[in-house]
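To start, the structure under review is shown below, and the notes come after it.
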Amino acid sequence: MNVVSMRKIDALRRAIAAIALGATFAVPAEASRHRLETIVPACASTRLPADILEGPIDPPSKPLALVDGTAPRATLRLAVADDVVSREFGLMCVLRVRPQHGMIFVFSRESDWEFYMKNTLVPLDMVWVRADGTVTTVAANVPASTRTASDTSLARRRGRGLYVIELPANEAATDGIVVGSHLALPPLRTDR
């Protein structure tokens, strides 16, 4: 098979993958042939740190801050969503999150916070945490959605805390995170 035919096959494979996922992908042409695993849909936050995503990607120019938190059986690497925009995007349109990595959503006050899976293409664990690090709620293996899912069909979970942590599905149990457990987190604040 010649190089032109191989390029056409690669282009066809990418088009089929895009249709199957119902998404438009942003991938440099050169990378698409050699690193198909780098595909991240264009609707994902442009500030997500490469550290938390599974597979090699180009790092963003102004990534969200990263912090380490300690769970009973693991150290978690978390991107900090401490403003309205980063909390709104969260892990939307991400295809893979590394084990023991995720996001921590920081709020200005402890309250009941509902999260839903709008454009969230991977199942997640959601963990609500008080200011002192006590886990109040764990929603395990919250089902993924699609980019075309209606708002009424989205999985929704609610809990109380100052922080909400999103991890890959089943990560909380693996790391010993249950209601009542304690997470050691660095000081985090938001005024936004």
How many residues does region 134-157 hold that are closer than 25 Å to Gly69 by Cβ and among the hydroxyl-bearing types (Ser, Thr, Tyr)? 3
Pair list, Cβ under 9 Å, 6 or more apart: region 60-81 residue hydroxyl-bearing (Ser, Thr, Tyr), other residue at pLDDT below 95: Ser61/Thr46; Ser61/Arg47
For region 79-94, give me each residue that is under 22 Å from Gly133 (Cβ atoms), among the aliphatic types (A, V, I, L, M) and part of a helix (DSSP H, G or I). none
If you check Arg189, Arg156, which single one turns out to be open to solvent by 80 Å² or more (accessible area, probe 1.4 Å) and within 22 Å of Leu48 (Cα to Cα)? Arg189
Inside region 98-121, the number of residues satisfying the requirement of being aliphatic (A, V, I, L, M) and open to solvent by 20 Å² or more (accessible area, probe 1.4 Å) is 1
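The values are calculated or read from the model by the stated rules, or taken from the named source; none is laboratory data. None of the values given here were measured: they were computed from a predicted structure. In this analysis, Cβ positions are derived from the backbone assuming ideal geometry, glycine residues included, and neighbour counts consider all displayed protein chains. In case anyone asks, the SASA skips ligands and DNA or RNA and just uses the protein heavy atoms, side chains included. Shrake-Rupley method; radii C 1.70, N 1.55, O 1.52, S 1.80 Å.
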